[in-house]
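Quick notes on the structure that follows.
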Amino acid sequence: MQAVAHSDWCTVRPRGSRWRGGFARLISACLLFLVTLWAGPVRALDAGGLRDLAQLARLGAPQLALRRMDAEQPAPDENLVDWMAWEQERLQILHNQGMHRELVERLARLPDAVDERFVRMALSLKADTLLQLGEADRARATVRELLWFHTAAAEPLELETWRRLVVRSYVLEERGDDAGLALLRYRQDFGGNSAEWRLLNARVMLQTGRAQAAVSLLENDASPEGRLLRMVAELAAFPERAARIESAAVKLAEESKLPGIQGAYWALAAQAAGRANKPFNQVRYLEHALSLPTERELTHALLEVDADDLWESYIELGKHVGNQEQRLIGSDEDWYFPATEALQKDPLRARVLFSVLGEFGSSEESRSVAHGYLAGMLDELPNGKALVRRLYLNSARYSDADDLPLVIRYRLIDEALQAGELQTASRLMEGLSAPASGTDVFEWELRRARVSIYTGQVDTGVRMLEKLVSAQDQQWDDQRIDRFLQVVFDLQTVQQHQQALLLFSAVLEKPVTMQQRRELLFWTADSLQALEKYDEAAYLYLKSATLQDPMAMDPWAQTARYHAAKMLAEAGLVDDARQIYSSLLRATRDASRRAVLENEIQRLHLVKASRRKGE
């Protein structure tokens, strides 16, 4: 563990190594426009800040943007107009980031006083989001509320949007006849020239067996969604064209820049390859399709692909190859050796053979080796890690974590921890008492403790840490101390400071270096500060600063002294605080730091003068 000396000690605390699709867019574009229209103008005073937060989300930090909104958005009972303006941006961030569950939960807690336009916007967005979650019945119930209670005040564009939502809900439930009737009424009222109407109509035609009509309808549609649906319809109407459609779908998949559309084209290529009796191509395309996100509504009932489709294709093709080559199920060598020989020359063939060995190997060891090879090979494909996750985590055959091959289970745990997906890691860890072969027991127990802490099982995590720190046979070195402290910092993050204090104290009894001891005293003081034990915190900050040298003014010591002064002021020991600030002022020449210290000293003078007047 290295000590980090920050030059900006007035504002930054030292922490050592602690610091550490297309179709949906189309069908939602009108809704997002209406969100902007309905929410009303944003006041000039707030527009810049709101734009900054929206930009923050687009730059890849939506959680930070939402957290800032939590802190800065005015309360609705104080300023409802401004609250609605902020809420507009919040809803757009949630929608654009695909945070559908969070959006629906947010819309369920609207203040009663919001105006009519905002209610219509909120219910419309809720219905659209429920459809993207696959909850057609709830979406239709929401639209029903709009049509029954808000039609009189609605704009024509709103009414058109609501009626499309009804059609989409029927399509999602594969109620083709109901969707057809709803579309007929929609066309009578609003016409049939819009892109949204055309795509919905084509999907209804495909669901009701009118593929040739869908081909004709989409003949001149050059949109990515329109071209895709036209090719789906063409394959259904003219299966003899499967080979040509396969080639075209592969070309468009490779050219597409939209991951959702790209995945749908790969799914279409797999479907066409199956019709053309090209099983190896079919498996290859399924791998591509499963490695990419999907456009749920666009592919529903037409191009749906899941993990079990790929498993079944692997195993069916593997058995076919085995029959041709007279390989016996249960004779592991018959599958292992040709699979390893094909690793470089024909990796797809190797993956197929390993999948059969992984399913039917005669021993757990053989099956584990096969799955290890298979996952390793899939890793090398574009988006391979996403493919492995879907193949194992989204498969019915592995719905219970205990059914996962251990080699895969441990691997997925590591990936979930690295990605911060602690609920997934917790589910996969449940029931595992021992680490993977070759994994350090100490590291494994630390992972388990961290997952427990962040999934709300704090007491369990603390017990694991206490067991580790009290183990008599445990060898402690700098790296292990550092790794252990990372998890204690997690306790501080979730505001479990009392438990953190006990563990810091236990680590201080280990053979730590002088600098590590200074750092531990500092972090202990952090928790004491959080517990509002300001005089104790000040004492330990000063001890951290002076442990090695009572006169020390190195960067670490200056940082610790500064925090000590802050705590002394909080504890009411104003003269002591002023003396420490003054000593820091004498020790630094940096103009910005001197300005900060001078302001702190001046503030203490004012505090003391105010107290004298009060006496």
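The values are calculated or read from the model by the stated rules, or taken from the named source; none is laboratory data. Just so we're clear, the structure is a prediction, and the values are computed from it rather than from any experiment. Here Cβ is always computed from backbone atoms with ideal geometry, including for glycine, and neighbour counts include all displayed protein chains.
Okay, residues lined up against (1) buried (at least 21 other Cβ atoms within 10 Å of the Cβ); (2) touching a strand residue (DSSP E or B) at 6+ places or on another chain (Cβ under 9 Å); (3) assigned to a helix (DSSP H, G or I):
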| residue | (1), (2), (3) |
| --- | --- |
| 515 | no, no, yes |
| 524 | yes, no, yes |
| 536 | no, no, yes |
| 539 | no, no, yes |
| 552 | no, no, no |
| 557 | yes, no, yes |
| 580 | yes, no, yes |
| 603 | no, no, yes |
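Per the listing 268, 317, the residue uniquely under 14 Å from residue 349 (Cα atoms), modelled with pLDDT of 95 or more and not hydroxyl-bearing (Ser, Thr, Tyr) is 317.
Evaluating residue 225 against the criteria (1) farther than 15 Å from residue 303 by Cα; (2) buried (at least 16 other Cβ atoms within 10 Å of the Cβ); (3) at pLDDT below 95 leaves one unmet condition, (1). If I filter region 446-457 for residues that are in contact with a Phe, Trp or Tyr (Cβ under 8 Å, 6 or more places away or on another chain) and either among the small types (Gly, Ala, Ser) or within 16 Å of residue 416 (Cβ to Cβ) (or both), do I get at least one hit? Yes, region 446-457 has at least one match.
Scanning region 72-98 for residues that are out of contact with any Pro (no Cβ under 7 Å at 6 or more places or on another chain) and assigned to a loop (DSSP other than H, G, I, E, B), we see that the one that is modelled with the lowest pLDDT is 98.
In region 606-613, the count of residues that are loosely packed, with under 14 Cβ neighbours inside 10 Å, among the small types (Gly, Ala, Ser) and at pLDDT below 90 is one or more. Select the helices (runs of 4 or more DSSP H) contained entirely in region 191-258, then report the ones holding at least 3 residues which are under 34 Å from the mean Cα position of the chain (by Cα) and aliphatic (A, V, I, L, M). Once the helices (runs of 4 or more DSSP H) in region 191-258 are filtered for at least 3 residues that are under 34 Å from the mean Cα position of the chain (by Cα) and aliphatic (A, V, I, L, M), what remains is 195-207, 224-237, 242-255.
For the condition touching an Asp or Glu at 6+ places or on another chain (Cβ under 9 Å) and either within 19 Å of residue 315 (Cβ to Cβ) or not in a helix (DSSP H, G or I) (or both), residue 378 qualifies. Determine, yes or no, whether residue 589 is more than 22 Å from residue 492 (Cβ to Cβ), touching a His at 6+ places or on another chain (Cβ under 9 Å) and of a type outside the set (A, V, I, L, M, F, W, C). No, not satisfied. Scanning region 434-488 for residues that are surrounded by 13 or more Cβ atoms within 10 Å (Cβ to Cβ), small (Gly, Ala, Ser) and part of a helix (DSSP H, G or I) gives 449, 452, 461. Cβ separations smaller than 6 Å between residues 6+ apart or across chains give the following pairs from region 102-124 residues that are outside any loop (DSSP other than H, G, I, E, B) to residues that are small (Gly, Ala, Ser): 107/122; 116/153. With respect to (1) part of a helix (DSSP H, G or I); (2) surrounded by 20 or more Cβ atoms within 10 Å (Cβ to Cβ), the lone exception for residue 323 is condition (2). In region 237-250 there is at least one residue that is of a type in the set (Asp, Glu), surrounded by fewer than 22 Cβ atoms within 10 Å (Cβ to Cβ), at pLDDT 95 or above and under 30 Å from residue 177 (Cβ atoms). If you filter region 408-433 down to residues that are part of a helix (DSSP H, G or I) and either of a type in the set (D, E, K, R) or over 25 Å from the mean Cα position of the chain (by Cα) (or both), you find that the one that is surrounded by the most Cβ atoms within 10 Å (Cβ to Cβ) is 411.
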